[in-house]
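Written out below as structure tokens is the structure these notes cover.
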Amino acid sequence: MDFQNIIKARQAITDKHGTKKPQLTFGGEMPCPICDKGTLGYQISAVNGHINASCETEECVHWME
């Protein structure tokens, strides 16, 4: 697991949506900033603001907070 890739992908998500906890849990997709080939799907929790994300490309970035 490459934590630098997680940091980079997480930053791309927070750049898009901000760092504050949302009122409702929601998910989205964006081009993956790590592999530039796949789609990074993610969900941001309304309970604690944690982000879960996974790129559709094998061996790319994925994590759960």
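Across the stretch 37-48, the qualifying residues are those that are within 12 Å of Ile13 (Cα to Cα) and not polar (S, T, N, Q), and the one among them that is surrounded by the fewest Cβ atoms within 10 Å (Cβ to Cβ) is Gly41.
Only one entry in Gly49, Gly41, Gly27 is over 11 Å from the mean Cα position of the chain (by Cα) and modelled with pLDDT of 95 or more, namely Gly49.
Identify the residue in the stretch 1-29 that is surrounded by fewer than 16 Cβ atoms within 10 Å (Cβ to Cβ) and aliphatic (A, V, I, L, M) and, among all such residues, is nearest to Val61 (Cα to Cα). First the steps, then the outcome.
If we filter the stretch 1-29 for residues that are surrounded by fewer than 16 Cβ atoms within 10 Å (Cβ to Cβ), which is where we start, we get 1-4, 7-8, 11, 14-29.
Now drop any that are not aliphatic (A, V, I, L, M), which leaves 1, 7, 24.
Values: Met1: 8, Ile7: 10, Leu24: 25 Å.
That would be Met1.
Note on the stretch 22-65: residues that are assigned to a loop (DSSP other than H, G, I, E, B) and in contact with a His (Cβ under 9 Å, 6 or more places away or on another chain) amount to 1.
Select, from Asp2, Asp36, the only residue that is without any contact (Cβ under 8 Å) to a residue 40 or more places away in the chain and not aromatic (Phe, Trp, Tyr). From the options Asp2, Asp36, the qualifying one is Asp36.
Checking each residue of the stretch 17-37 against the condition of being touching a Gly at 6+ places or on another chain (Cβ under 8 Å) and of a type in the set (Lys, Arg) gives at least one match.
The values are calculated or read from the model by the stated rules, or taken from the named source; none is laboratory data. Values in this document were obtained by computation on a predicted structure and should not be read as measured data. As a convention, Cβ positions derive from the backbone with ideal geometry for all residues, glycine included, and neighbour counts pool all protein chains shown.
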